[in-house]
Amino acid sequence: MDFQIKLQVLADAAKYDASCSSSGSDKRDSKDGRGVGSTEGMGICHSYAPDGRCISLLKILLTNYCMYDCLYCVNRVSSNVQRARFSVEEVVKLTLDFYKRNYIEGLFLSSGIIRSADYTMEQVVRVAKVLREEHDFRGYIHLKTIPDASEELLAEAGRYADRLSINIELPTEQGLTDLAPEKDARAIRRSMGRLRWRIDESRESRANPTTRKPLRFAPGGQSTQMIVGADATNDQAILATSANLYGNYRLRRVYYSAFSPIPDASKALPLKPPPLVREHRLYQADWLMRFYGFSADEIVDPKGGMLDLDMDPKLAWALRHRERFPVDLNKAPREMLLRVPGLGSKAVDRILSTRRVRALRSDDLARLHVPLKKILPFITLPGHSPGATLDAASLAAQLRTPPVQPDLFG
Ligand code: SF4
């Protein structure tokens, strides 16, 4: 098959995987070759680090053949799509060519499962090994790992990759049984546990000043992807699964990928994708769990188990807990300030540092660059008290802002 066609097929097949952000990795190349070049072209995806850094990755599959038959996947064995396969040498050459031209800063490599989990994983690892050992490649490498592959291969993958990911695929074990019967939820968790153990071991060795040769293992940690809307799992259950993954396996990120209908889909799947804004609300809720001290079970309204699509989850929580507001900006503890709708963690830190020297006044709010319309009903400070305007129904009507085009990384 013509190389260009292979590239088209395998880059297109990779677009369904959302789990590729390169945040949190040590940069291997701090001296040269790190400018971002052309951002056009197939197979190049953009990922955003939490610090806002935009990076480009060549995002491809080694092959879109797969012996498994996960119903939601366009690459499943029963799918009627054009198939292609790269050799290890082809992926290596492509990566180096793109990197040298500054098209990319790294590689995200995944694969359908061919012959066996171990055989496929060996091929994926070999790409990274050849890049690192034979070509001294300093760019970023994110490898998708196959949960059924041997522990030795997972260990080898972590030596060459900056980040590893294992897709949990569906939020519940039942969902996996129904839609991906060949996948084993216990094997996925077992492999995540093994990665966590090795990542922790490597961090400890790097943090120990007496270690002569620190262990290197996926310094960017591990991540996963969950498909949203392929089954009936509600947002509450999805967030509970995420909390469990963050807590038990110390994942760096859980990515939420709205299910997209595929050709010749099984009748077990919905005909339409979920609204994209649902994915956006899940990312916001995920952020609240990781950085704002919210627990999974308080973010979603237990009545329906779903996040409100018309307002962000922090505002929805505040409206359900009017008794906790208004908070006094000059007295409230950090944990409570973080719960004020519209106040981000940076604004909270600035409030706290100002409070150390003097009391905050109303005119300080303008300098915080925060959305006043959203914040004012929830706070008091000298010269401002929301008084009777703190009524949940009227506030909800005023503050509902259905996003037209969600900014998933904002
Ligand atoms: S194992 Fe992966 S590539 Fe294969 S059908 Fe399932 S989701 Fe698709």
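No lab work stands behind these numbers, since they all come straight from the coordinates. The structure presented is a predicted model; accordingly, all values stated were derived computationally and were not measured. With ideal geometry, Cβ positions are generated from the backbone for all residues, glycine too; neighbour counts draw on all protein chains shown.
Observations, loosely collected:
- Taking other residues whose beta carbon is less than 10 angstrom from the beta carbon of A185, and scoring Lys, Arg as +1 and Asp, Glu as -1, yields +1.
- Choice from K303, K374, K267 with maximal GNM fluctuation in the chain (Cα, 10 Å cutoff): K303
- Global dimensions of segment 3-274 from alpha-carbon coordinates: Rg and Dmax equal 17.9, 59 Å.
- Gap separating the Cα centres of segment 137-197 and segment 273-331, nearest whole Å: 30 Å
- Set of aspartates and glutamates near K331 by C-alpha distance (under 19 Å), chain-local residues within fewer than 8 positions excluded: E323, D349, D363, D364
- Taking a Cβ cut-off of under 11 Å around L170, the surrounding Lys, Arg, Asp and Glu residues balance to a net charge of -3, with basic ones at +1 and acidic ones at -1.
- Using alpha-carbon coordinates, inclination of helix 151-160 to the longest axis of the chain, degrees: 70 degrees
- Unit charges at the beta carbon, dipole of segment 3-274: most positive-side option, P171, Y68, N244: N244
- The alpha-carbon of K129 sits under 13 angstrom from the alpha-carbons of these aspartates and glutamates, leaving out residues fewer than 8 places away in its chain: E89, E156, D162.
- Between helix 3-14 and the chain: long-axis angle, C-alpha atoms, 0 to 90°, nearest 10: 40 degrees
- Counting charges near H321 (Lys, Arg +1; Asp, Glu -1) among other residues having Cβ under 10 Å from its Cβ returns a value of +2.
- Relative contact order of the chain, pairs being alpha-carbon contacts under 8 Å that are 6 or more residues apart, as %: 12 percent
- Hydrodynamic radius of segment 313-399 by the Kirkwood approach over all distinct alpha-carbon pairs: 13.0 Å.
- Amide H contacts of T380 (H built 1.01 Å from N, under 5 Å, at least 5 apart or other chain): V327, D328, L329
- For the chain, built as a Gaussian network whose Cα springs stay under 10 Å, the top-fluctuating residue of D12, D301, D391: D391
- Most mobile listed residue (K15, K346, K93) in the chain, GNM with C-alpha springs under 10 Å: K346
- Amide H contacts under 5 Å for L107, placed H, 5+ residues apart: L58, Y140, I141, H142
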